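In what follows, a structure is listed as structure tokens, so that the remarks can point back to it.
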Amino acid sequence: MIERLVAEIEEKYRVLTEELADPEVLRDQSRYAEISKAHSDLEESHRLAAAYREACTSLRDAEALLEEGGLDPEMKEFLLEEKTGASVKLEELEQELRVAVLEKDPRDEKNAIVEVRAGAGGDEAALFAAEVQRMIMRYAERNRLKSQILSTTEATLGGVKEVIFEVKGRNAYGVLKYESGVHRVQRVPVTESTGRIHTSTVTVAVLPEAEDVEIHIEPNEVRVDVFRSTGPGGQSVNTTDSAVRLTHVPTGLVVSCQNEKSQLQNKEQAFRILRARLYDIAQAEHDAQVAAQRRSQVGTGDRAQKIRTYNFPQGRVTDHRVGLTSHRLEAILQGELEEFTEALRAQERAEQLAAATF
């Protein structure tokens with residue numbers, strides 16, 4: 001089975017290489033870019049396939065020489081070591097090849113729109129929502145991604161009821177998608193005088209940003225309302241009707257933006273958020289029709305699912321999807337989320353491999 005997989009990789013790579021040299025393809029920039037990306041995406045699999053072929057040759061050569069007999073002890077020991085090493089290498093390469101050819105989620109490469117909302121817990125939930133926002137934005141920065149806040153609804157004591165921000169860069173959605181779900185915090189709130197531990201929640205939705213060509217919105221499907229901004233921003237914001245509210249009539253979705261001074265900028269940002277939400281709905285409907293569905297988030301993909309608990313008294317964070325507990329709470333809140341992301345990716349790959357037919 002693995003031999004067939006290796007042959008398929010080699011053949012596909014050969015065809016793509018030939019197409020890149022085809023003058024007709026070179027004249028079609030769109031086609032050339034598409035083939036070039038496919039060729040680039042296959043390079044790692046092709047490298048592994050070549051290494052697999054080399055290890056097979058080493059194993060066959062060692063076995064053939066051992067079968068000839070008449071070898072001195074040192075040569076025989078050397079060949080036995082070569083045979084063992086080649087066998088181990090083949091097993092490793094086989095697993096790496098299986099992982100390399102797993103179907104990648106095309107949404108992973110997209111920019112992301114992240115929505116963080118305070119859930120149960122009042123002011124404490126709003127305070128933690130602000131911390132979760134900073135945590136995710138710092139994690140994005142650690143991955144060389146750029147963030148920009150699109151919309152904020154502030155709460156008292158420095159918290160936020162809701163904040164929506166965009167994250168741009170290579171593989172932004174793929175990096176952040178595992179943060180979707182309910183984040184639960186257990187700690188003594190600053191407003192608690194008796195020292196009693198409270199439990200509050202924050203919901204996070206990470207959406208792949210949709211291009212206009214993917215989600216086309218008819219102008220007559222959207223009601224546009226403008227109003228005076230009420231948030232921070234200075235006098236120039238508050239004296240003009242610069243805030244924009246979009247209502248998508250077919251679905252009832254409502255998006256408001258008021259962070260920018262320009263009505264046009266607010267309108268553009270609101271449409272980007274609306275497209276992302278509509279894209280997410282369309283993708284969820286498609287996924288529901290697929291028997292062996294793989295949702296955009298690990299687990300069920302339900303945003304009401306509790307994914308992680310931050311326990312301040314014990315200084316630990318537990319990700320319930322993979323059963324991983326870390327006692328690096330402060331570092332995690334500073335955006336050091338790699339251990340959770342890596343564990344979730346490993347679980348996702350394992351599930352894909354279990355369902356694969358090769």
* Evaluate the distance, in nm, between pseudo-label points positioned 7 Å from the Cα of Tyr32 and of Arg228 along their respective Cα→Cβ axes. => 5.6 nm
* Asked: Using a Gaussian network model of the chain with C-alpha springs under 10 Å, which one of Thr203, Thr156, Thr309 is most mobile by mean-square fluctuation?
  -> Thr156
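To make sure I understand, if each residue's beta carbon is the centre and we count other beta carbons within 10 Å, what order do Glu330, Glu124, Glu68 fall in, fewest to most?
Numbers: Glu330 11, Glu124 23, Glu68 8.
So the ranking, lowest neighbour count to highest, is Glu68, Glu330, Glu124.
Under DSSP H, which helices of the chain have Cα atoms covering 18 Å or more of the helix axis and a Kyte-Doolittle average no less than 1.0?
Values: long enough: 2-20 (27 Å, -0.28); 29-68 (56 Å, -0.76); 73-100 (40 Å, -0.55); 122-142 (30 Å, -0.22); 263-289 (39 Å, -0.91); 338-355 (26 Å, -0.82).
The answer is none, since no helix passes both cut-offs.
Arrange the following residues from fewest to most other Cβ atoms within 10 Å of their Cβ: Asp108, Asp28.
Values: Asp108 16, Asp28 12.
Least to most surrounded, the residues fall as Asp28, Asp108.
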* Structure fact -> Rounded to 0.05, the calculated FRET efficiency for the beta carbons of Glu285 and Ser87 at R₀ = 56 Å is 0.75
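Quickly estimate the mean residue ellipticity at 222 nm for the chain, helices only: each DSSP H run with n ≥ 4 gives -39500 (n - 2.57), and the total goes over all residues, rounded to 500. List each step's numbers first, then the result.
Values: 10 runs with 172 residues, N = 358.
About -16000 deg cm²/dmol.
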* To do: Order by neighbour count: Ser45, Ser256, Ser36, fewest other Cβ atoms within 10 Å first, most last.
  => Ser36, Ser256, Ser45
* Inter-part distance where the stretch 306-358 and the stretch 92-168 are each reduced to a Cα centre, Å -> 15 Å
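Every number in this text was worked out from the coordinates using simple rules, so none of it is lab data. No experiment lies behind these values; they were computed from the predicted model shown. With ideal geometry, Cβ positions are generated from the backbone for all residues, glycine too; neighbour counts draw on all protein chains shown.
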